[in-house]
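S.K.: Please read through the structure below; I'll follow up with questions.
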Amino acid sequence: MNAPEKLTLKDFATDQEVRWCPGCGDYAILKCVQKLMPELGVPKEKIVFVSGIGCSSRFPYYMNTYGFHTIHGRAPAIATGVKLSNPELDVWLVTGDGDGLSIGGNHMLHVLRRNVDLQILLFNNEIYGLTKGQYSPTSQLGTHSPSTPDGSLDKPLNPCSFAMGSGARFVARTIDTETKHMTPLLKRAHEHKGASFVEIYQNCPVYNDGIFDYVKDKKRAAETRLVVEHGKPLLFGVDNQKGLRLNIQMLGLEVVTLGEDGVTESDIMVHDETNRPLANMLAELRTPDFPEAIGVLYCNPEQSYVNAVRQQIEVVRAKKGIADLNDLLRQGHTWQVE
Amino acid sequence: MAVVESIPVSEDPDSSFSSVVVRFAGDSGDGMQLTGSNFTEATALHGNDLATFPDFPAEIRAPAGATFGVSAFQIYFGSDEVTTAGDDVDVLVVMNPAALITNLKDLLVGGMIIADQDAFTSRNLSRAGYTSNPLEDGSLDAYRLISIDITKQVIRSVEPFGLSHKFAVRCKNMWTLGLVMWLFDRDKQITIDNLNTKFALKQDIAKANIAALNAGHSYAETAELPSGVEVYKIQKAEVEKGLYRNTTGSEALAFGLIAGGQLADISLTFASYPITPASSLLHTLSAHKEFDVVTFQAEDEIAAACAAIGASFAGSLGITSSSGPGISLKGEAISLACATELPMVIVSTQRGGPSTGLPTKTEQSDLNQALYGRHADTTLPVIASSTPGNCFDVAIEAVRLATKFSTPVLLLSDGYLANASEPWIIPDLNDYDSFKVVHETNPEGFSPANRDEDTLARVWAKPGTPGLEHRIGGIEKDFETGDISYDADNHQKMTDVRKAKIDGIVRFIPNQEVSLGNAQGELVVVGWGSTYGAIHQAVKRCRARGADVSHIHIRYLLPMPGNLGELLKGYKKILVPELNTGQLVNVLRSKYLIDAEQLNKISGQPFKIRELVEGIHSLLGEVK
């Protein structure tokens, strides 16, 4: 047998013209994913990209794998069907804040709760791009948009908190242009068996430009970004002089400065990916009071849904033996008319 | 002669009757459905032809004694061909006043009432709306009333088992069943076996129920019944030879889907969301994981349809199922399946509507929804089953059409078919032609837009196949390459080809046959779906009286059989009875420009034979 030929980024690009706006954060994510694919060692034909509707959901057209651009919000349900039919497939789901958390919020909740083995990439640009700039469920309060000319009135949803609340077993956050951070993180998401939820802060240069500058801008990032790593203390700030300490009275995290008020590194909380309460707290951290957590917030695998489905089927088949429909139809009370 | 209008309570009880309609009615907690299904089994084993009609409320446990909580089970059995659950009731068994007041209108004058007098308390009487006790005030003089202290009898008969009063009283359905079994000379062994199986882990309950069953039987046998009430003998029916079992439409449909999957040599993914009266399909398939079928209870109707589509994309046959309101929710997804030309089966088990409507009652009001209920030009094959047993064949046909033409197929059933049971000649899968699915594997010249020249079906290349990586989606695609295309001419071409594919199915379905009667004549009654049995009997009766009337029953509603237009034009008059306000009739009028009369009933109940006979008379004049 021939050794499988080594694939490159080009093998995963299609001949379709990429039609995102110039400067869209989606380009960087696409490049990162195309580059990552050969490293995963999965045969191209076993990879499926499923998406809903929106700018991000055009993603499958640009991946030279199997792909299904479906309908608004329903990608998690369609991806679940793909996995139920063929658990061998490596299924990626690409969605956005409107697709995944508004019209498709219910499906997102259930695909996470069920722990269907998928990589879910949620491009969060806090706006509806494809429909021309209406506010989304992650838009900041007071967002001015065509549908909210006087400012939006409903509070935004936090995607990672939503995922935690839905029972996700892998929750992570990264930033569109931070390829070096995103690549290993997506690898982790891929390794994880079960639903892996990755929120990607993504800039929309047309309708919501600069919304994540506070965390992307190199000068401000030290104060606004908390890069979490399993087993490492939750430190941030210039020269890592700040950290997060558990305030037991408040049952929450608080920002402290090393060297002030006798604070030493031993007071700083150490990140533990398997600690659910900690992951909940990390997901909720928001500027300006806190830095925002980037990295794998939670990873605590358990059996994936489709595996459980297949196992149950095997158990039933072992118990019932070879299935014969003619036999089944003749079981129970039958009678012969001569 | 086929006319069956005899009453068992005749002057001469020893004589044999051709047919009887018995209805059991009580509180929804009284176990009437269980009583009915046990009586059905015994009746089938006795050799009568039969049909049943379970009619139960949407409330699971309505307050005891309430009229809206009355649950009924009707069985029509006889020595002649039986195709409906019967028009008028000959024997009405009532467990309380509410059951009497809500069912009495269907009892024939002179018919028999068996009532539990212990349940006719002042409280229950006033709940049902009686100001005096009908068992005592003479208001039932037109009927043969058998009033028995059933509750007391039951408590006495189960005393040795030490049950609480509540559990003891629950055995009264079996006591009553025992009595009715004696009345019609049924063998109660099958019920005893059933009780032993059902309560295998609760021996005292099993024993008490069996004791109650035997006690009811003995009560009747030992001549404690009023004089003149004796065993009624119903001759065995002259039915087609073969091996039989009872089936409901839901069961036959589930088995048909499994059979279809086997004939297509393809695994099934069945995704559904609970909704009355469609859920039993999900239950049946979920209980048969030994076959190549994965079942999935989705978070909602939309997700169920989408999971089915995802499964079809991945190479299985995705199937989803619901009733009207749920089918509405699935509409957008079904259009995606039309746009991407993926095989899929959608089972629509119709119920009374609109909105929540009458969830447990039957109606045919979702034909328009099946034909047109989606955005844009999304044409798809629509087929309908006509009897519980016929659901098996129609399910196989749905799988055949979906896989052969790479299209979603909508299969119409309804609440009556889903729940009603009938004796069914058990099919042999070896008698069916297979229609094996072949997924594309050859990368040479592959495009996801490739079509079969004959059927126009789009190629089915499943993920996992090397060299065939491709993308599909809801955006319009180029006719040649399958890539996204916003080109004007291309959209025209794609719309045309999708329609031509579905229209072309007419070449692959059988011509319309005449169910009963002649290929031309004075009048034809045209039906579809579960009205088959009632129309058949009505036409049979009228023909027996010399009327020139025939029956056509349409299985293929879209596309319609190629000869249907010409066939219909061979009759002077056309009558289209439907359990809706006139949906098929409008299709026939607009498609064939024919002058069809309509006959409609929207009460949540099936047609009575008499209603159809009257409809025929109104067009032909009274046939003597």
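S.K.: Can you give me the relative contact order of chain A as a percent, contacts being Cα pairs under 8 Å and 6 or more apart?
M.R.: Value for chain A: 14 percent.
S.K.: Now for a separate question. Note down the relative contact order for region A:1-113 as a percent, whole number, built from C-alpha pairs under 8 angstrom at least six residues apart. If you can, show how the numbers build up before the last one.
M.R.: Details: 170 pairs, mean separation 28.1, N = 113.
Once divided by the residue count of region A:1-113, the mean separation gives 25 percent.
S.K.: Among DSSP beta bridges whose residues both lie in chain B, state the antiparallel percentage, nearest 5.
M.R.: Bridges in chain B that DSSP calls antiparallel: roughly 35 percent.
S.K.: How crowded by other chains is B:476-483, given as the mean number of beta carbons from other chains within 10 Å of each beta carbon?
M.R.: So the per-residue partner count for this stretch is 1.
S.K.: Oh, and also: Given C-alpha coordinates of region B:221-367, what is the ratio Rg to Rh with the Kirkwood estimate of Rh?
M.R.: The Rg/Rh ratio comes out at 1.17.
S.K.: Give, to the nearest whole percent, the P(r) tail of the protein assembly as shown beyond 43 angstrom, counting all Cα pairs.
M.R.: 45
S.K.: With only alpha-carbon pairs counted, each pair once and no self-pairs, how large is the Kirkwood hydrodynamic radius of region B:12-113 in angstroms?
M.R.: Numbers: mean 1/r = 0.0722 Å⁻¹.
That comes to 13.8 Å for region B:12-113.
S.K.: Roughly what percent of Cα-Cα pairs across chain A reach past 30 Å?
M.R.: 41
S.K.: Moving to a separate point now. Size of the dipole of the protein assembly as shown about the Cα centre, Lys and Arg at +1 and Asp and Glu at -1 on the beta carbon, nothing else charged, in debye to 20?
M.R.: Dipole about the Cα centre, nearest 20: 740 debye.
S.K.: Also, quick follow-up: Mind computing the radius of gyration and Dmax over the alpha-carbon atoms of region B:313-359? Å is fine for both.
M.R.: So, for region B:313-359, Rg and Dmax equal 12.3, 37 Å respectively.
S.K.: Just to be sure I understand: if I project the alpha-carbon convex hull of region B:272-312 onto a plane and average over all orientations, what area do I get in nm²?
M.R.: Mean orientational projected area (region B:272-312, Cα hull): 2.8 nm².
S.K.: Still on this structure, I have one more. Give me a single rounded figure for B:465-472: the average over its residues of other chain Cβ atoms within 10 Å of their Cβ.
M.R.: 6
S.K.: Still on this structure, please answer the following. Return an integer: the convex hull volume of the alpha-carbon atoms of region A:1-99, in Å³ per residue.
M.R.: Spelled out: Cα convex hull of region A:1-99, divided by residues, is 100 Å³.
S.K.: Normalised by the number of residues in chain B, what is the relative contact order in percent for Cα pairs under 8 Å and 6+ residues apart?
M.R.: RCO, chain B: 12 percent.
S.K.: Sorting check: for B:344-353, B:159-168, which peptide has the highest mean count of neighbouring beta carbons within 10 Å, and how do the rest follow?
M.R.: Ranked by mean Cβ neighbours within 10 Å, highest first: B:344-353, B:159-168.
S.K.: Moving to a separate point now. Mind checking Rg over Rh on region B:342-439, alpha carbons, Kirkwood formula for Rh?
M.R.: My calculation of the ratio gives 1.01.
S.K.: How many Å³ per residue does the convex hull of the Cα positions in chain B occupy? It would help to have the intermediate numbers written out before the result.
M.R.: Values: hull volume 99.3 nm³, N = 624.
It comes to 159 Å³ per residue, whole-number rounded.
S.K.: Going from the alpha-carbon gyration tensor of region B:429-556, what semi-axes, largest first and in whole Å, does one get by taking the root of 5 times each eigenvalue? Walk me through the intermediate numbers first.
M.R.: On the way: eigenvalues 422, 71, 26 Å².
With the √(5λ) rule applied to region B:429-556, the semi-axes are 46, 19, 11 Å.
S.K.: Work out the mean other chain Cβ neighbour count within 10 Å for the residues of B:298-305 and drop it here as an integer.
M.R.: Shielding by partners across B:298-305 averages 6.
S.K.: Would you mind checking the tilt of helix A:179-191 against the longest principal axis of the Cα atoms of chain A, expressed as 0 to 90 degrees and rounded to 10?
M.R.: The helix A:179-191 is inclined about 30 degrees to chain A.
S.K.: Still on this structure, I have one more. By Kyte-Doolittle mean hydropathy of at least -1.0 and Cα axial length of at least 15 Å, which whole DSSP H helices of chain B are selected?
M.R.: B:32-46, B:172-183, B:203-221, B:249-264, B:301-313, B:324-340, B:390-405, B:532-544, B:609-620
S.K.: A follow-up question, please. Which order, highest average first, do A:193-199, B:542-548 follow once you tally other Cβ atoms within 10 Å for each residue and take the mean per peptide?
M.R.: So the peptides A:193-199, B:542-548, ranked by packing, come out A:193-199, B:542-548.
S.K.: Give me the Debye-computed log₁₀ of I(q)/I(0) at q = 0.22, 0.25, 0.27 Å⁻¹ for region A:85-165, equal point scatterers on Cα only, no solvent, two decimals.
M.R.: These q points yield log10 I(q)/I(0) values of -1.00, -1.19, -1.31.
S.K.: Within a Cβ distance under 11 Å of residue A:315, other residues only, what is the Lys/Arg minus Asp/Glu net charge?
M.R.: +3
S.K.: Okay, moving on. To make sure I understand, if each residue's beta carbon is the centre and we count other beta carbons within 10 Å, what order do A:169, B:451, B:127 fall in, fewest to most?
M.R.: B:451, B:127, A:169
S.K.: Tell me, A:15, B:187, B:300 in order of fewest to most beta-carbon neighbours within 10 Å? Don't jump to the answer; show the numbers that get you there.
M.R.: Working: A:15 8, B:187 13, B:300 16.
The most exposed by this proxy come first: A:15, B:187, B:300.
S.K.: Okay, next question. In region A:88-220, how does Rg compare with the Kirkwood Rh, expressed as the Rg/Rh ratio over alpha carbon atoms? Present the calculation step by step, with values, prior to reporting the outcome.
M.R.: Working: Rg = 15.0 Å, Rh = 15.3 Å.
Result for region A:88-220 is an Rg/Rh of 0.98.
S.K.: Okay, next question. Based on a Kirkwood Rh over C-alpha pairs, give the Stokes-Einstein translational diffusion coefficient of region B:50-177 at 10 °C and viscosity 1.306 mPa s in µm²/s.
M.R.: On the way: Rh = 15.8 Å.
Translational diffusion coefficient: 101 µm²/s.
S.K.: Related question: So which aspartates and glutamates can residue B:361 reach, going by Cα to Cα under 13 Å and dropping same-chain residues fewer than 8 places off?
M.R.: B:55, B:59, B:414
S.K.: Right, another one. Taking Rh as the Kirkwood radius computed over C-alpha pairs, what is the Stokes-Einstein D of region A:192-338 at 10 °C in a medium of viscosity 1.306 mPa s, expressed in µm² per second?
M.R.: 81
S.K.: Rounded to a whole number, what is D in µm²/s for region B:95-135 from Stokes-Einstein with the Kirkwood radius over alpha-carbon pairs (37 °C, 0.692 mPa s)? Intermediate values should be presented prior to the final figure.
M.R.: Working: Rh = 10.4 Å.
So the translational diffusion coefficient is about 314 µm²/s.
S.K.: Could you pull out every one of the lysines with an alpha carbon less than 30 Å from that of residue B:404, ignoring same-chain neighbours closer than 8 positions?
M.R.: Output for residue B:404: A:44, A:46, A:83, B:289, B:330, B:436, B:462, B:477, B:493, B:499, B:501, B:591.
Just so you know, all these numbers are worked out from the coordinates, no wet-lab data involved. For clarity, every value in this text was computed on a predicted model and none was experimentally measured. Heads up, the Cβs are rebuilt from the backbone with ideal geometry, glycines too, and the neighbour counts pull from every protein chain shown.
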